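Just below is one structure, and these are the notes that go with it.
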Amino acid sequence: MSDAVIIGAGPAGATAAQVLAERGYHVTVFEKGPLKREKPCGGGIPEVALKEFSITLEKGRSVYGVFLCSPQNRTAALTQEERAGISVMRSEFDYYLIERAQKAGAEFKENAPAEPQLENGKLKGVKTREECFESQMVIACDGAFSNFARKMGVHAGSRKRQAVAFQYQMALSNQLIEERIGNVLELYFGNQWVPMGYTWIFPKDGIVTVGNASWRAALERKKVSLKSMLNTFIEKHPLASKKLEGAHILYSQSHILSFPGTVKSVYGDHFLIAGDAGGFTSCATGGGVYYALVSGKTAGEVAAEALEKNDFSRKFLKKYKKRVDKKIGADMKWGSLLRTLMLNKDADQEKFIQAVRKDNWLRELSILLLKEEIRYDQFLIKLMSHPHKILRFIL
């Protein structure tokens, strides 16, 4: 019997496991696939995450900001001299976190899909195809479609809270990456390329990750395919097509993103939900790695306290939600407003990029936002304290 069991070995699950193992608890992590697997994701990790979680991964390309391209092909480089983060293959980043947790003493079981084990409606642990594992504490980190949340009856199931992403991993020589892209993450806007979303080019070592994403409801309403739109972008975008000339596709990936409100509750008797499974993803940017790390760490800490007090009640575990909200709740709450104001429509995207080109104050503030070094509510408060900036943006 494990003190705690975790479903999912992504950043949230591995971080929760490390916290519990470092505190001397026996924790077992169940991963439905192999531990070394390439997860569909752009792979941008902000510097704030690297510092806060003492991540010293040597692999990955250092990046120094973001390159933006408007629907009308106006560009803005939001860069600074100090590093803004790294661009990594998720297989390498996630396995680095798994190895840290293993060194702390956590046990990982791969190719072992798990679901809640219920007895008379009460959670008693998890079960796989072969056996049952009893535990007083379960942390679910099993992704956007969270089978655990569905089995426990807490999944909200709204398509309005989900987005879809599609991407290619494309081979391109490092020389051409340096010449054409450099050490920045590139974001392209325009509903002609993807409705109510954006397209990205993230450089790595001999590889560029090229993808797009949009709201699930928008894609269904427009009856468009992300893959076909991405192919058109690669072939015909006035700027991007030249940067990607000569690159060839290694493989494609697709995944669902879930946002705040995906689950009715991220805690209950004997369980916590973290990472994508809990909808901890930014509506504004689609970023989720930092929020997965934060929610995973917090889940591990609260689970350790529950084990110490021998109290696994919903009332005791409620502190998880309070702590997560204090740390990242503002981003979860205000991300949709930021997207609605600036990023859903071509006209708003155009205005935003023109504004950061012309206004240095807004440019510097936007850099902090994109680097995830300022909360969304702080960004909005600073904007509202400068009404003339808002007026300039609107006009």
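The residues of segment 253-269 that are of a type outside the set (D, E, K, R), open to solvent by 20 Å² or more (accessible area, probe 1.4 Å) and either in a loop (DSSP other than H, G, I, E, B) or under 26 Å from Arg314 (Cα atoms) (or both), listed by number, are Pro260, Gly261, Tyr267.
Checking Leu250, Leu272, Leu219, Leu230 one by one, the residue that is within 19 Å of the chain's Cα centre (by Cα) and outside any loop (DSSP other than H, G, I, E, B) is Leu272 and no other.
The condition of being farther than 24 Å from Ile98 by Cβ, touching a residue at least 12 places away in the same chain (Cβ under 8 Å) and out of contact with any His (no Cβ under 7 Å at 6 or more places or on another chain) holds for only one of Ser254, Ser265, that being Ser265. For segment 101-117, taking the residues that are part of a helix (DSSP H, G or I) and open to solvent by less than 50 Å² (accessible area, probe 1.4 Å), the one that is nearest to Ile45 (Cα to Cα) is identified as Ala101.
Here segment 304-353 is the region considered, the condition is being of a type in the set (Gly, Ala, Ser) and under 19 Å from the mean Cα position of the chain (by Cα), and the residue that is most open to solvent (accessible area, probe 1.4 Å) is Ser336.
Within segment 50-78, residues that are free of Cβ contacts under 8 Å to residues at least 60 places away in the same chain reach partners that are part of a strand (DSSP E or B) and buried (at least 18 other Cβ atoms within 10 Å of the Cβ) with beta carbons closer than 9 Å, at six or more positions or on different chains, in the pairs Leu50/Gly85; Leu50/Ile86; Ile55/Ile45; Ile55/Ile86; Leu57/Ile45; Leu57/Ile86.
Sub-6 Å Cβ pairs linking a first residue in segment 158-174 that is at negative phi to a second residue that is assigned to a loop (DSSP other than H, G, I, E, B), at least 6 apart or interchain, are Arg161/Phe259; Arg161/Gly261; Arg161/Thr262; Met170/Ala247; Leu172/Ala247; Asn174/Gly206, ordered by first then second residue.
Filtering segment 280-296 to residues that are among the aromatic types (Phe, Trp, Tyr) and out of contact with any Pro (no Cβ under 7 Å at 6 or more places or on another chain) leaves Phe280, Tyr291.
Candidates Glu301, Glu373: the one that is touching a helix residue (DSSP H, G or I) at 6+ places or on another chain (Cβ under 9 Å), open to solvent by 30 Å² or more (accessible area, probe 1.4 Å) and outside any helix (DSSP H, G or I) is Glu373.
The residues listed here are Leu78, Leu20, Leu68; of these, the one that is open to solvent by less than 10 Å² (accessible area, probe 1.4 Å), at pLDDT below 95 and touching a strand residue (DSSP E or B) at 6+ places or on another chain (Cβ under 7 Å) is Leu78.
The values are calculated or read from the model by the stated rules, or taken from the named source; none is laboratory data. Here the structure is a predicted model, which is why all the values come from computation and not from measurement. Every residue, glycine as well, gets a Cβ built from its backbone with ideal geometry; the counts of neighbours run over all protein chains shown. Ligands, DNA and RNA are excluded from the accessible area calculation, which covers all protein heavy atoms including side chains. Shrake-Rupley method; radii C 1.70, N 1.55, O 1.52, S 1.80 Å.
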